[in-house]
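Just below is one structure, and these are the notes that go with it.
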Amino acid sequence: MTDTLLTFEESLEKFDPAMGLEVHVELNTNSKMFCGCPTEFGAEPNTQVCPTCLGLPGAMPVVNRIAVESAMRIGLALNCDIAEWCRFARKNYFYPDMPKNFQTSQYDEPIAFDGHMDVNVPTEDGGIEVVRVEIERAHMEEDTGKSLHVGGATGRIHGADYSLVDYNRAGIPLIEIVTRPIMGMRENAPAVAKAYVAQLRELIVALGVSDARMDQGSIRADVNLSLSPAGDGGLGTRTETKNVNSLRSVERAVRYEMQRHAAILSGAAGGDRTILQETRHWHEDTGVTTSGREKSDAEDYRYFPEPDLVPVAPSREWVDQLRGTLPENPTAKRSRLQAEWGFSDLDMRDTIGAGAFGLVEETILAGASPQVARKWWLSELARRANDTGTDIAELGVTPADVVAVQALIDAGSLNDKLARQVFEGLYAAEGTAAEIVEKRGLAIVSDDGALSAAIDNAIEAFPDVADKIRDGKVAAAGALIGAVMKEMRGQADAGRVRELILDKLT
């Protein structure tokens, strides 16, 4: 069944959006949150488990100290207060991939709380608006296992023939970062959501506490959204779109839910004008959400203190020590790098809007000039990401690849046109830039013999142009150069071709 939607503009005429974002970050610790099992991604199913993370009777958990440190560093980087005393709780609910039938988490006593992040949001006029997103809490918990639904067309449980469960992920340390309601954003709400998650992801990577790969689920966002009548200033009934795993999808999910809510509340969808408080599934292929389960409130989870774990009480000395390990503030860093790179406000807006800020930075650190890094990430690579509906960071091209392609151009082995074919090979994982040039036969031809033969063919095909050059009109050489480039499929050294033409005709 297809949802009825109002247009985005119609939604804003009638309603104001409020949203909250819950971002789950898998930490890159060597062992799990409460046991010594390894956390390697992609291992054979159910090979990284033990009695503790399987929830077997008599198994006792022990807190991972490095995970606690990572949680505090995240909290400090988000300008949070760090609790002097906090404890874990049991969050009771049943899922087949939750082996204990409860999740060890934190409830009313999170390790970090009352913070904020200043987010740079690109604006339509080419500038950047700084939006302060208030952080309610960042708390520690453990991840669940992973269900695989076999058969059927969607990969979901509905229509599947059977399901399998991999418990390798069960017990991996998670930090859940929860914002307070973000209000007053109106038409900018989708862009603010995307910019917040993008900047948070960059911060997490800078802290070194997670690889923050959205394609592997090591960072994923839940999007809470509600609408209230325009000018009301209140909060409506919310829905929670779960496990959105790309920056582009965060933006699209906010926009879609705004339009869907508005259709229901305005009566355009027919039936009861009531929003059901529920979880929603995001479908990347179709760009829609579908109903998941009716959303529970906190009391439905029957939280109670975890009896098998001692409270966490970090000393102020420990907190101050960790504070000294923090990276540069993201907002200050962007301003500094913009000046160093010589980027205009429009350049910076486009870089941030494409989700390429961190990639451009890494490319420059790997040896490219700011102009080269910007050229490739914001032209060829951004175009590819847009055409394929893929986040730019997930194209399969790394900053090192961009530097390698440019090095081949600088060495005279490629030109920009041929380089685009090398990027096609990189998207298809055909090897390194140099290997793709060799496999596809893309190298620039500088051999005078081969070039001379092609030039003779061009002179024969365009004798009138050749006569103009003989008469001193050297600008006409461009036509012959174009003919040579066409014959050699763009692989001729254009500079050397010009030299040889003039040698022959002047």
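Rounded, prolate or oblate: which fits region 9-166 when a ≥ b ≥ c are the square roots of the eigenvalues of the alpha-carbon gyration tensor, with rounded for a/c under 1.5 and prolate only if a/b beats b/c? Oblate, since a/c reaches 1.5 and b/c is not below a/b. Of the two radii for region 243-333, the radius of gyration is 1.18 times the Kirkwood radius, both from the alpha carbons; that is the Rg over Rh value.
Measuring with a 1.4 angstrom probe and ignoring ligands and nucleic acids, GLU40 comes out at about 130 Å² accessible. Each part gets one Cα centre, and for region 37-84 versus region 319-352 those centres are 30 Å apart.
Once the mean of 1/r is taken over each pair of separate Cα atoms and inverted, region 1-78 shows a Kirkwood hydrodynamic radius of 16.9 Å. What FRET efficiency would be calculated for the residue pair TRP85, GLU424, taking the C-beta separation as r and a Förster radius of 56 Å, to the nearest 0.05? Plugging the Cβ-Cβ distance into 1/(1 + (r/R0)^6) gives 0.50.
Modelled label positions at ALA59 and ASP464, each set 7 Å beyond Cα in the direction of Cβ, lie 8.4 nm from each other.
In this Cβ point-charge picture (+1 for Lys and Arg, -1 for Asp and Glu), the chain has a dipole of about 180 debye about its Cα centre. Here's the picture: a label point sits 7 Å out from the Cα of SER344 along the beta-carbon direction, and within region 105-140 the residues with their amide nitrogen under 18 Å of it are 122-129.
Of the three principal axes defined by the Cα atoms of the chain, the extents in descending order read 93, 54, 52 Å. A crude spin-label estimate for the pair GLU294 and ASP125, with each label 7 Å from Cα along the Cβ direction, gives 4.8 nm.
For SER218, the solvent-accessible surface computed with a 1.4 Å probe is close to 10 Å², ligands and nucleic acids excluded. When the chain is described by a simple charge dipole with +1 on each Lys and Arg Cβ and -1 on each Asp and Glu Cβ, the residue from THR432, VAL63, ASN120 located farthest towards its positive end is VAL63. Counting heavy atoms of the protein chains alone, TYR162 has an accessible area of about 120 Å² for a 1.4 Å probe. With K and R counted +1 and D and E -1, the other residues having a Cβ less than 11 Å from that of ALA170 yield a net charge of 0.
Would you mind classifying region 271-427 by shape? Square roots of the alpha carbon gyration tensor eigenvalues, ordered a ≥ b ≥ c; an a/c under 1.5 is rounded, otherwise it is prolate if a/b is larger than b/c and oblate if not. Judged from the Cα gyration tensor, region 271-427 comes out oblate (a/c at least 1.5, b/c at or above a/b).
Computed extension gain for ASP387 through LYS375, at 0.36 nm per residue and net of the alpha carbon distance, reaches 2.6 nm. Farthest towards the positive end of the charge dipole of the chain, among the residues GLN106, LEU227, PHE343, is the Cα of GLN106, using unit charges on the Cβ of Lys, Arg, Asp and Glu.
With N as its number of residues, region 86-162 has a Cα radius of gyration that, divided by 2.2 N^0.38 Å, comes to 1.72. Note on region 308-447: with charges restricted to the Cβ of Lys and Arg (+1) and Asp and Glu (-1), its dipole about the Cα centre is near 300 debye.
Full extension of the chain between GLU134 and THR7 yields a length gain of 42.8 nm, computed as 0.36 nm times the residue separation minus the alpha carbon distance.
Between the listed residues TYR256, ASN415, THR39, the Cα displaced farthest toward the positive end of the dipole of the chain, a dipole computed from Cβ unit charges relative to the Cα centre, is found at THR39. Ellipsoid semi-axes for region 146-217, based on the Cα gyration tensor and the rule √(5λ), read 31, 20, 11 Å when sorted largest first.
Distance between Cα centroids, region 130-197 to region 231-288: provide it in whole Å. Value for the Cα centre distance between the two parts: 15 Å.
Ranking THR144, THR363 from most to least accessible surface, computed with a 1.4 Å probe over the protein chains only, gives THR144, THR363. Report the Stokes-Einstein translational diffusion coefficient (µm² s⁻¹, integer) for region 300-359, Rh taken as the Kirkwood radius over Cα pairs, at 37 °C with viscosity 0.692 mPa s. Answer from the Stokes-Einstein relation: 207 µm²/s. For region 217-276, dividing the convex hull volume of the Cα atoms by the residue count gives 88 Å³ per residue. Here the dipole of region 179-335 is about 520 debye; that uses its Cα centre as origin and unit charges on the Cβ of Lys and Arg (positive) and Asp and Glu (negative).
Above 20 Å, the calculated P(r) of region 129-286 contains 58 percent of its Cα-Cα pairs. Using the rule -39500 (n - 2.57) for each DSSP H run of four or more residues, divided by the residues of the chain, the 222 nm mean residue ellipticity is -11000 deg cm²/dmol. What a 1.4 Å probe finds exposed on the chain is 50% carbon and sulfur by accessible area, rounded to a whole percent. Per residue, the accessible area of the chain comes to 46 Å², computed with a 1.4 Å probe over protein heavy atoms only.
Our estimate of slack between ASP97 and SER315, defined as 0.36 nm per intervening residue step minus the Cα-Cα distance, is 74.9 nm. Rounded to the nearest 5, the antiparallel percentage of DSSP beta bridges internal to the chain is 95%.
Computed over the chain, relative contact order equals 15 percent, with contacts defined as Cα pairs under 8 Å that lie 6+ residues apart. Residues GLU134, GLU317, ordered by accessible area of protein heavy atoms at a 1.4 angstrom probe radius and largest first, appear as GLU317, GLU134. Taking label points 7 Å from Cα along the Cα-to-Cβ direction, LEU326 and GLU284 give a separation of 3.3 nm. For TYR107, the residues 5 or more places off, or on other chains, whose built amide H falls under 5 Å of its own are ALA89.
The values are calculated or read from the model by the stated rules, or taken from the named source; none is laboratory data. Keep in mind that what you see is a predicted model, and the values were worked out from it rather than measured. Methodologically, a virtual Cβ is constructed for each residue, glycine included, from the backbone with ideal geometry; neighbour enumeration extends over all protein chains shown. Surface areas here come from the heavy atoms of the whole protein model, side chains and all, with no ligands, DNA or RNA. Shrake-Rupley method; radii C 1.70, N 1.55, O 1.52, S 1.80 Å.
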